[in-house]
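One structure is given below, encoded as structure tokens.
The values are calculated or read from the model by the stated rules, or taken from the named source; none is laboratory data. Worth saying up front: this structure is predicted, and the values here are computed from it rather than measured. Cβ coordinates were reconstructed from backbone atoms using ideal geometry, including for glycine residues, and neighbour counts include every protein chain displayed.
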Amino acid sequence: MPSHQWAVWKTKFDNYINELNIATTMETKRAIIYARSASDSQEERGPLSVSTQLEVCASKAAKKGYKVIAEIGEYPASGHTKGGEGLQLLREIVRQDCVDAVIVTEASRLSRDIELFSELSMEFAEEGTQILFAR
């Protein structure tokens with residue numbers, strides 16, 4: 001993701017946090033959508049493109065009654081590493097206890113590294129955040 005797009009996501013996130021601190025009650029279920037694409041070939045194929053993942057996850061959020069407070073899309077970002085800036089931002093948001101669920105299309109979109117996926121699952125659970133799969 002180009003740095004200017006990253007700044008846009010970060011600004012949107014900051015605005016959402018301010019809005020949530022003012023207007024959201026504990027009854028509102030809040031979710032963040034995370035999408036990742038590792039290569040040009042994935043980005044060009046419909047189901048694995050970031051935009052398609054975001055749409056599928058938004059549909060899942062609506063069906064489950066979640067208010068989407070942010071969408072984080074990363075491209076290119078390998079699922080075999082500790083994650084890019086988007087995953088780090090996601091972790092920070094979860095640590096701030098302002099989200100009830102992280103929605104991804106499938107486990108591999110969060111991480112292909114089983115140890116990292118387990119680490120994220122435990123970290124999110126400790127904060128009371130569920131991981132939901134849209135597919």
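Structure data summary
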item	result
Count of residues meeting criterion [of a type in the set (S, T, N, Q) and either part of a strand (DSSP E or B) or in contact with a His (Cβ under 9 Å, 6 or more places away or on another chain) (or both)] in segment 91-115	1
Total residues in segment 116-135, condition on the phi < 0 side of the Ramachandran plot and assigned to a loop (DSSP other than H, G, I, E, B)	4
Lone qualifier among Tyr16, Tyr75 - being surrounded by 14 or more Cβ atoms within 10 Å (Cβ to Cβ), of a type in the set (Ser, Thr, Tyr), out of contact with any Ser or Thr (no Cβ under 9 Å at 6 or more places or on another chain) and modelled with pLDDT under 90	Tyr16
Yes/no for Ile33 being surrounded by 12 or more Cβ atoms within 10 Å (Cβ to Cβ), closer than 23 Å to Leu116 by Cβ, at pLDDT 70 or above and touching a Cys at 6+ places or on another chain (Cβ under 7 Å)	yes
Segment 95-127, residues that are crowded, with 17+ Cβ neighbours inside 10 Å and in contact (Cβ under 8 Å) with a residue 60 or more places away in the chain	Cys98, Val99, Asp100, Ala101, Val102, Ile103, Val104, Thr105, Arg109, Leu110
Residue match in segment 80-90 (condition: outside any helix (DSSP H, G or I), crowded, with 21+ Cβ neighbours inside 10 Å and under 10 Å from the mean Cα position of the chain (by Cα))	no
